[in-house]
Amino acid sequence: MVQSSVLGFPRMGGNRELKKANEAYWADKLSRADLLAENKRLRLAHWKVQKDAGVDIIPSNDFASYDHVLDHIQLFNAIPERYSSQGLEPIDEYFAMGRGHQKNGIDVPSLEMVKWFDSNYHYVKPTLQDNQTFKLAADPKPVREFLEAKEAGIITRPVLLGPVSFLHLGKADRGSTVDPISLLDKLVPVYVELLEKLKAAGAETVQIDEPVLVQDLPAKAKAAFKPAYEKLVGDKLPKLVLATYFGDIVHNFDVFPALQSLHGIHIDLVRNPEQLEAVLGQLGPKQVLSAGVVDGRNIWKTNFKRAIEIVETAIQKLGQDRVIVATSSSLLHTPHSLDSEKKLPAEVKDWFSFAVQKTSEVVVIAKAATDGAAAVREALEANAKSWQARSSSERTNNPHVKDRQSKVTAAQHERQSAFPERYAQQKNHLKLPLFPTTTIGSFPQTKEIRIQRNKFTKGEITAEQYEKFIEKEIQDVIKIQDELKLDVYVHGEPERNDMVQYFGERLDGYVFTTNGWVQSYGSRCVRPPIIVGDISRPAPMTVKESKYAASISSKPMKGMLTGPITCLRWSFPRDDVHQSVQAQQLALALRDEVVDLEAAGIYVIQVDEPALREGLPLRAGTEREKYLTWAVDSFKLSTAGVKDSTQIHSHFCYSEFQDFFHAIAALDADVLSIENSKSDAKLLKVFVDKAYPRHIGPGVYDIHSPRIPSEQEIKDRLAEMLEYLKPDQLWVNPDCGLKTRQWTETKAALTNMVNAAIFYREKY
Ligand code: GLN
Ligand code: ZN
């Protein structure tokens, strides 16, 4: 019989109960006991959802109060001393590592948090010492939670992050030089001890995640699999299913001999269905294949027909008992349940499947593979009908968009002249001084702004009243920019709720959920808009506000748009057309906006692309280059429709461009503003080495903190930058937008920034 399996379930709960409980606990409004009880309630509820759906293999230890990698840091006692020496309760020590702790005389910052592979989820980085030791926690969470489920009558398959991934995803602590992977010998015995305890508790099988196998691995990490997994197999230990996801593992097949004695291997067949044949060829004679055919990263209904075909291929080779139907990855990256969506158009809702619905999907596919299609005929017919409806819907197909895409030319991607000629015209037209000062777009989103937006959304004030309010906000920020003597103004983005949602709401082809939250990190959740169909722009999206702002400004006004790649990456994309096609549609819509802004008298236009880097395919090579080609093309298509005298800016919230500098250069933006205040100015060297000819504004101060940088600090920072950049190449701006800041600190910081720029202007 073909079993069904879920690799992990979202933790937040249908109404973000976990977020609410955590935040209440942090604010001292919920007791520790109540917090732990709420966690337990959520775990049980989530197991029950899966049990009721009929899932055969239900995960445990996939739940985390904050982050599952952080769970393992605590589980192995890999806790840096600055936390362990504080005498905190385990849960407080845990949160201290996750988010810092500033209370009762204790003041420790959090551990570093970074993106989990190419997803928008962030994990806490294991941070290791030269003299690192590991020790299993006294009451190990995986055992405790296995027993908790068992008590409720549910036998689960515990999930662990494997030792190679745990170490490879970690780093040496400040002041240490240890190579994490060299700690393997010390770590593996702790896994053995933990696995023995799980087996003793009744766990027959354990899911051990080694997602680093989809990456390009250094030889040392590859070599670590053999010594690790040799020791993790034995009579006293549960059987292991090693799980990989978000990519293929074919390039790491040389590791496979080391995995031969494991019970099974899980692969992601949504992302890389083509790896199936090769992996089937590598499996040992008794090994099981867990086939990830239900997408853990997106919200679309699974195409049952296609999924069953894939599973059948595996069954032909292995037989039913050696195939498991699974989600491609943990469902952590999908919203909880579709049931709470009351406002989605019925037509569209029928195309979606959130976590709760996906648990039923694995069950149906497994049943079809076991008993034949007739056994689940109704489900298959409904699924086929829904896919058919989606592919022929007017919502998904807009012939005008397709027609326009077919006519896109190479020339549309190029500005009229090369940069020197453009710059000459821009200089003349915009009359900017040396070291021009500007900001990145948003000004403080005050409480008042949120109140008025809410009232407008709820219909408590009219569109006219809201518009008047926004105009007043724009007047205020322009007055402030006059006082600050900035050189290029912005309108402040008071009308924008979110930099992607705002555009999604003004484009055809998007829909929005009311409760489709996905964990981003800790208690923070995002609600990505969903691209359902061909994208087009029914009307200008930002022209009204920018035009109004320009009409009352004495200096150039910078128009502000979110770029095509960022709109794509921070949405749930379609799974029925390639992402490059969606990016091009977004680019064409934005191109019209850029041209309209120019026609309305906006001669500086910034197109933000902070998500460009996170879209980079996980492995270097052809796939990455292909991505960069279409990503750069979409940016160029969106911006190249303007005259030479119009200045195109772009913005990135980081400054590590080494891996893909050629793509940044290929954007051909006249001005780039980038994060730099927390990074080393040395990173700017790449611009010199590659003889980057255009203009750059490396951020001169951190906008994430209320701290006000002194004029001297900013001067020093500019001096460092001038070691790399030419005086007429350098813009002066903060790291990023100021929406999360208060006005007092914003004015003070910008005053110092402008004075520092004036100082250099007079000097040169
Ligand atoms: N223009 C946006 C702002 O200032 C940019 C935000 C971002 O890069 N994340 O808010
Ligand atoms: Zn930014």
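Just a few scattered comments:
- Failed condition for CYS567, given (1) in contact with a Ser or Thr (Cβ under 7 Å, 6 or more places away or on another chain); (2) within 16 Å of ligand 2 (Cβ to nearest atom); (3) among the hydrophobic types (A, V, I, L, M, F, W, C): (1)
- Considering segment 207-255, the residues that are among the β-branched types (Val, Ile, Thr) and touching a His at 6+ places or on another chain (Cβ under 6 Å) include one that is nearest to PRO158 (Cα to Cα), namely VAL241.
- Taking each residue of segment 601-630 that is over 18 Å from LEU586 (Cβ atoms) and looking for partners that are within 16 Å of ligand 2 (Cβ to nearest atom) and of a type in the set (Lys, Arg) with beta-carbon atoms closer than 8 Å, six or more apart or interchain, yields ILE602/LYS558; VAL604/LYS558.
- So VAL233, is it without any contact (Cβ under 8 Å) to a residue 60 or more places away in the chain, surrounded by fewer than 20 Cβ atoms within 10 Å (Cβ to Cβ) and under 29 Å from VAL188 (Cα atoms): yes
One line per residue, one yes/no per condition, for (1) in a helix (DSSP H, G or I); (2) modelled with pLDDT of 95 or more; (3) within 16 Å of ligand 2 (Cβ to nearest atom); (4) over 24 Å from the mean Cα position of the chain (by Cα):
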| site | (1), (2), (3), (4) |
| --- | --- |
| LYS678 | no, no, yes, no |
| LEU683 | yes, no, yes, no |
| ILE714 | yes, yes, no, yes |
| ALA719 | yes, yes, no, yes |
| TYR724 | no, yes, no, yes |
| CYS736 | no, yes, yes, no |
| VAL754 | yes, yes, no, yes |
| ILE758 | yes, yes, no, yes |
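- Look at (1) surrounded by 22 or more Cβ atoms within 10 Å (Cβ to Cβ); (2) of a type in the set (A, V, I, L, M, F, W, C); (3) in contact with an Asp or Glu (Cβ under 9 Å, 6 or more places away or on another chain) and you find that ILE265 fails only one, number (3).
- Taking the criterion of being touching a helix residue (DSSP H, G or I) at 6+ places or on another chain (Cβ under 7 Å) and among the hydroxyl-bearing types (Ser, Thr, Tyr), the residues of segment 10-67 that qualify are TYR25, SER60, SER65, TYR66.
- Filtered by the rule that a residue be in contact with a strand residue (DSSP E or B) (Cβ under 8 Å, 6 or more places away or on another chain), within 16 Å of ligand 1 (Cβ to nearest atom) and part of a loop (DSSP other than H, G, I, E, B), segment 574-611 gives ILE602, GLU609, PRO610.
- Filtering segment 423-469 to residues that are in a helix (DSSP H, G or I), within 16 Å of ligand 1 (Cβ to nearest atom) and surrounded by fewer than 16 Cβ atoms within 10 Å (Cβ to Cβ) leaves only ARG450.
- Only one of the numbered conditions (1) assigned to a helix (DSSP H, G or I); (2) more than 21 Å from THR513 (Cβ to Cβ); (3) not aromatic (Phe, Trp, Tyr) is violated by GLU347, and that is (2).
- Scanning segment 520-553 for residues that are in contact with a helix residue (DSSP H, G or I) (Cβ under 7 Å, 6 or more places away or on another chain) and of a type in the set (Gly, Ala, Ser) gives GLY522, SER523, SER536, SER546, ALA549, SER553.
- Taken over segment 127-146, the criterion of being of a type in the set (S, T, N, Q) and within 31 Å of the chain's Cα centre (by Cα) is satisfied by THR127, GLN129, GLN132.
- Scope segment 596-630; condition more than 16 Å from ligand 2 (Cβ to nearest atom), modelled with pLDDT of 95 or more and among the aliphatic types (A, V, I, L, M); matching residues: LEU597, ALA599, ALA600, ILE602, VAL604, ILE605, LEU628
- Hits in segment 430-482 (condition: within 16 Å of ligand 2 (Cβ to nearest atom) and in contact with a Ser or Thr (Cβ under 8 Å, 6 or more places away or on another chain)): THR438, ILE440, PHE443, PRO444, GLN445
- Checked against the criterion of being farther than 30 Å from ALA691 by Cα and of a type outside the set (Val, Ile, Thr), the candidates ARG415, ARG422, ARG453 yield just one match: ARG453.
- The listed residue being touching a residue at least 12 places away in the same chain (Cβ under 8 Å), away from ligand 2 (no atom under 16 Å from the Cβ), touching a Pro at 6+ places or on another chain (Cβ under 6 Å) and more than 18 Å from LYS726 (Cα to Cα), out of SER638, SER645: SER638
The values are calculated or read from the model by the stated rules, or taken from the named source; none is laboratory data. These numbers come from a predicted model, not from an experiment. Cβ coordinates were reconstructed from backbone atoms using ideal geometry, including for glycine residues, and neighbour counts include every protein chain displayed.
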